[in-house]
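S.K.: Let me begin by handing over the structure; questions about it come next.
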Amino acid sequence: MSAQHPTSLDRRIAGLQPAATLSPILTARLRTLERMGLAKLTEPSTWDVRPGFLSILHAMKKATDLGSKSPDRSAPARTETEKILDGEVNVRRPPNEQETAQSLAAAEDVTKRVLGDHARTYQPDTESGRYRGEIIAETEHHVVQQLSPRSTAAHPKHLLPEPVASGQNLLVAYSNNQAQLKPNHVRERANALAR
């Protein structure tokens, strides 16, 4: 419960509905997240969890792991953790409206250049969407994933748990504005027809 890295409890917290009843163990974990600056008790039994808290916990774990390899084990990790909580690492802060609009326009341009003038770029459903395909481009604040011969999705980078590169074939699954990335295993056509 007091771990400063992602736990199975955190995944349960990320998937909770707003009016969910909390078990004592989830409440204890939320109190730990509160001490870390990632959650806040707003009313009795009502918590406000910082958007992207799972990504922040992953980055903090990575920073702690890197810091444990240095002679002074606590100083670099603590400094890196402070930067992560302040949003200074991996540029994971959400872009403002103007930055988002410019980045989406660039994603649409790239889509038309790569797939043709009739291709469309969609914004993903970050509440529950699932998207499969190859990453074909990147803009300042978005990653462009080809969904079909004439469509792409422009995924906001600040919602992705880790950087992705062009050429990766991924399943991007959203739940409550949190994205999970998994390899998209493409079945061979012959295997698909045999089933």
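Every number here is computed from the coordinates shown, using simple stated rules; none is lab data. Quantities reported herein were computed from a predicted structural model and do not represent experimental measurements. For neighbour counting, all protein chains shown are included, and Cβ atoms are generated from backbone atoms with ideal geometry for every residue, glycine included.
S.K.: Past 21 Å, Cα to Cα, is the threshold; run Lys62/Lys182; Lys157/Lys182; Lys40/Lys157 against it and keep the listed order. Kindly include the intermediate steps, with their values, before the conclusion.
M.R.: Details: Lys62/Lys182 19 Å; Lys157/Lys182 15 Å; Lys40/Lys157 25 Å.
Pairs exceeding the cut-off: Lys40/Lys157.
S.K.: Apply the Karplus curve 6.51 cos²θ - 1.76 cosθ + 1.60, θ = phi - 60°, to the phi angles in the range 107-116 and return the couplings in whole Hz, x for Gly and Pro.
M.R.: Per-residue couplings from phi come out as 5, 5, 4, 5, 4, 5, 5, 7, 9, x Hz.
S.K.: Where does each of His141, His58 land when they are ranked from fewest to most other beta-carbon atoms within 10 angstrom?
M.R.: By the 10 Å Cβ count, ascending, the order reads His58, His141.
S.K.: Mind sorting Thr100, Thr42 by how few other Cβ atoms lie within 10 Å of their own Cβ, fewest first? Write out the running numbers ahead of the final one.
M.R.: Working: Thr100 18, Thr42 9.
Listed from fewest to most nearby Cβ atoms, that is Thr42, Thr100.
S.K.: What's the extension gain from Asn96 to Thr46 if we count 0.36 nm per residue and subtract their Cα-Cα distance?
M.R.: Going from the current span to full extension adds 15.2 nm.
S.K.: Quick one: which residues, 5 or more positions from Gly129 or on another chain, have an amide H under 5 Å from its amide H? H modelled 1.01 Å from N in the peptide plane, none for Pro or chain starts.
M.R.: Tyr174
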